[in-house]
1. Checking the a/c ratio against 1.5 first, then a/b against b/c, what shape does the Cα gyration tensor give for the stretch 25-92?
2. Using a basic spin-label model with each label point 7 Å from the Cα along Cα→Cβ, how many nm lie between ALA22 and ALA80?
3. Using θ = phi - 60° and the Karplus form 6.51 cos²θ - 1.76 cosθ + 1.60, what ³J(HN,Hα) does each residue of the stretch 71-86 get, whole Hz, x for Gly and Pro?
4. Please sort by residue number the GluC sites (Glu not before Pro) in the stretch 42-106 whose DSSP state is loop and whose Cβ has at most 15 other Cβ atoms within 10 Å.
5. Quick check: from the Cα gyration tensor, does the stretch 67-137 come out rounded (a/c under 1.5), prolate or oblate?
6. Listed highest first by mean packing, meaning other Cβ atoms within 10 Å per residue, what order do 59-69, 45-55 come in?
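None of the figures in this text is laboratory data; all of them are computed from the coordinates on show. Predicted model, so just to flag it, every value in this text is computed and none were measured. Cβ placement follows ideal geometry from the backbone for every residue including glycine, while neighbour counts extend to all protein chains displayed.
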Amino acid sequence: MTEHMVLETFHRDLKGGKVIEAKHLAIIQKTYPDAHIIDGYCKEWDIYIPSAKFGIEVKSDKMSQKTGNIVVEVKFNGKASALSTTKSRYWIFDTGVKSIMVKVTQLRKLIERSHDRKRTFTALGDTHPKDAYLIKQQYIEELDCNFPSGALDRLL
């Protein structure tokens with residue numbers, strides 16, 4: 001893949017991610033009107049809710065429809081990233097079919113038990129390798145806190 005193609009893929013994925021964040025923000029704002037998307041790069045969270053004093057990270061993983069696994073990144077280019085650096089209280093995984101909202105504390109416990117699921121790879125649109133866990137979607141779904149009841153699924 002040429003550098004131009006990598007950048008093209010990166011920008012397409014970034015644009016798609018922003019659309020997914022906006023969809024989830026609309027649902028969250030029904031309960032927390034002051035919720036907002038953090039502009040620019042913020043490794044702690046994508047959406048912040050000042051009145052509740054917590055953030056939410058939104059991840060898109062449409063490939064999970066084919067693989068049955070959800071990718072949970074912990075390092076990028078040899079540096080801690082994503083789950084390792086987040087200060088979010090919740091992560092939302094958008095599979096393109098459903099949304100799954102999990103508490104970060106529970107997700108980290110799941111990762112600790114999944115050491116055999118760790119992989120290193122360079123994804124399309126990335127310029128460097130990442131360390132990530134390939135977690136069966138059903139295990140992530142078991143952690144779903146469904147905030148508010150069913151609202152995120154109705155979003156899609």
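1. Details: a/c = 2.58, a/b = 1.43, b/c = 1.81.
It comes out oblate by the Cα gyration axes.
2. 3.4 nm
3. Whole-Hz 3J(HN,Hα) from phi for the stretch 71-86: 8, 10, 6, 10, 9, 9, 6, x, 10, 3, 8, 6, 4, 6, 10, 5.
4. Numbers: sites: GLU44, GLU57, GLU73; in loops: GLU44.
Here the sparse-neighbourhood loop sites are GLU44.
5. On the way: a/c = 1.43, a/b = 1.24, b/c = 1.16.
Rounded, because the longest to shortest axis ratio a/c is under 1.5.
6. On the way: 59-69: 15.2, 45-55: 17.0.
Ranked by mean Cβ neighbours within 10 Å, highest first: 45-55, 59-69.
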